[in-house]
Amino acid sequence: MSELLEMRSIVKTFPGVKALDNVDFTLKKGSIHALMGENGAGKSTLMKCLFGIYTEDSGEISIDGQKVNFQGPKDALEHGVAMVHQELNQVMKRSVAENMMLGRFPSKRGIVNHKKMNEYCLEVFRKLNLDVNPKTIIEKHSVAKRQLIEIAKAVSYEAKILVLDEPTSSLTEDEVEKLFDIMNALKAQGVGIIYISHKMDEILRISDEVTVMRDGKYIATEKAENLTQASLIRMMVGRELKNTFPEKKNAVGKKLLEIKNLTGKYKPSVIDASFDLYQGEVLGVAGLVGSRRSELLETIFGLREKESGQIFFEGEEISNKNPKEAIENGFALVTEERRATGIFPEASIKFNATIANLKNYKKGLYLPDSPLRNDTQRVIESIRVKTPNQKTRIFSLSGGNQQKVIIGRWLLTQPKVLLLDEPTRGIDVGAKFEIYELILTLASQGKGVIIVSSEMTELLGLCDRIMVMSNGKIAGVEKTEDLTQEKIMELQAKYV
């Protein structure tokens with residue numbers, strides 16, 4: 001296979017941090033090349049230099065032997081480079097077709113031909129075996145479906161280089177298989193695919209080659225067939241990581257939260273959900289995409305209005321009519337989509353870390369800066385956030401470090417119930433372990449933790465009990481030691 005892409009000695013510096021330090025990367029035609037590393041290793045930054053989002057400080061990029069210097073994503077797309085970003089950036093109130101064709105609407109005399117646009121999108125979806133109506137508003141679709149739509153959009157450009165940044169982070173096993181079929185078909189057509197993921201089993205299965213980065217530097221490139229999960233972890237973190245999950249030391253105490261017959265007002269919603277949460281317990285929530293796990297957490301937190309049902313907290317009935325009331329009652333919610341609902345991207349680490357706790361800093365009309373700085377530093381040090389300083393804008397941090405700041409924000413409110421929706425989505429193995437440690441530490445302090453995750457191994461390794469949801473209903477709640485992946489899968493299909 002001949003070399004399709006060459007990136008040589010790429011350097012990129014941001015204020016206070018050298019994000020890329022003389023990095024080399026080569027992609028062959030008709031190959032799937034995985035790019036791996038911990039959060040903050042520089043993977044996404046390197047790809048953004050390729051895609052024209054960032055301009056490298058020095059170094060060279062060549063495609064088919066020709067030096068390129070893209071002036072932006074549009075320039076990159078026109079030269080056959082397409083990229084699907086980890087954080088979806090879609091126009092939520094517009095249709096699927098309008099999102100697919102953004103910047104290239106078919107038109108005549110300034111009038112958009114919607115029929116032609118919808119037909120083109122349908123043809124793309126048919127080729128990829130995706131069941132999507134291009135006329136539907138995109139916000140009506142799940143995160144997983146929107147991820148597949150974004151992948152279809154990239155494929156529709158007929159690019160010769162396709163970059164996929166954490167494409168399976170919210171996909172079900174069946175959807176992952178569908179994506180892999182698409183990738184192998186493109187590979188057979190000579191397309192070079194750069195695949196960024198933290199899921200090592202997927203990497204070893206689908207990739208031809210693997211390049212590992214660490215702290216902005218190139219570490220090594222190896223054939224996937226010569227690697228194991230252990231050797232990959234060693235290359236990524238620079239040390240042995242003997243255990244995937246920390247040792248559990250939390251003790252489950254008395255009942256903390258009781259949910260009775262909870263049903264959401266607006267469909268799709270959770271239906272007639274009843275369960276308990278105990279002090280010091282980590283309760284996992286499993287289910288297929290569309291099982292309404294997120295809707296359950298959002299209804300408990302007051303983001304979604306409930307139609308019926310009761311919430312009892314420490315023996316007293318509460319309402320949680322809105323997030324403000326939920327926070328006052330001792331609840332915290334870390335949402336699934338960091339970029340859309342978690343961070344204030346242009347604001348500083350300090351702002352993002354303290355925004356939920358401002359009422360505790362105010363002195364009359366005065367907001368003193370000292371306690372904000374002190375608490376932000378406490379978050380940075382206790383959760384090991386990698387950042388140049390508190391004033392750094394949060395969008396410049398890696399996904400894992402953004403997630404740590406969000407969790408730290410809620411810890412400052414001293415919650416008694418922590419609701420976590422896919423807290424390790426798109427996070428590397430080292431950062432995952434740190435977040436697992438944090439969750440178990442909170443549980444050992446008597447807090448109740450509910451964690452939604454699409455990774456069954458994560459739920460089985462971390463949780464005391466697992467509640468399985470199916471089509472909005474609770475299909476079962478079991479002690480973790482009594483469950484297997486097969487049993488969870490059976491329960492997931494109970495009401496489908």
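Results, tabulated for the structure shown:
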{"read-out": "R0 of 25 Å, Cβ-Cβ distance Tyr157-Lys267: FRET efficiency to nearest 0.05", "value": "0.10"}
{"read-out": "Förster radius 35 Å - calculated FRET efficiency between Asp24 and Leu367 (Cβ-Cβ, nearest 0.05)", "value": "0.15"}
{"read-out": "Convex hull volume of the chain per residue (C-alpha atoms, cubic angstrom)", "value": "163"}
{"read-out": "Where a label projected 7 Å from the Cα of Asn226 along Cα→Cβ would reach, residues of the range 170-210 with amide N under 15 Å", "value": "208-210"}
{"read-out": "Length released on extending from Arg104 to Ser2, taking residue separation times 0.36 nm less the Cα-Cα span", "value": "33.6 nm"}
{"read-out": "Entries of Lys447/Lys473; Lys12/Lys145; Lys260/Lys473; Lys67/Lys223 with Cα pairs more than 22 Å apart", "value": "Lys447/Lys473; Lys12/Lys145; Lys67/Lys223"}
{"read-out": "Simple spin-label estimate for Ser58 and Ala340 in nanometres, 7 Å along Cα-Cβ", "value": "4.2"}
{"read-out": "Packing rank of 440-448, 113-121, where each peptide gets the mean count of other beta carbons within 10 Å, highest leading", "value": "440-448, 113-121"}
{"read-out": "Protein accessible area in the range 378-496, 1.4 Å probe - carbon and sulfur %", "value": "46"}
{"read-out": "Between 0 and 90°, nearest 10: helix 114-127 axis offset from the chain longest Cα axis", "value": "90"}
{"read-out": "Potential extension, Lys127-Glu490 segment - 0.36 nm per residue separation minus Cα distance", "value": "127.6 nm"}
{"read-out": "Residues of the range 312-333 with amide N under 15 Å of the 7 Å Cα→Cβ point at Asn360", "value": "327-333"}
{"read-out": "Net length gained if the chain between Lys473 and Val112 were fully extended (0.36 nm per residue, minus Cα distance)", "value": "125.7 nm"}
{"read-out": "Loop-resident sites, the range 313-370, for GluC sites (Glu not before Pro), counting at most 15 other Cβ within 10 Å (DSSP)", "value": "Glu314, Glu346"}
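The values are calculated or read from the model by the stated rules, or taken from the named source; none is laboratory data. Model, not experiment: these values are computed from the prediction. Here the Cβ is made from the backbone with ideal geometry for all residues, glycine too, and neighbour counts use every protein chain on show. Surface areas here come from the heavy atoms of the whole protein model, side chains and all, with no ligands, DNA or RNA. Shrake-Rupley method; radii C 1.70, N 1.55, O 1.52, S 1.80 Å.
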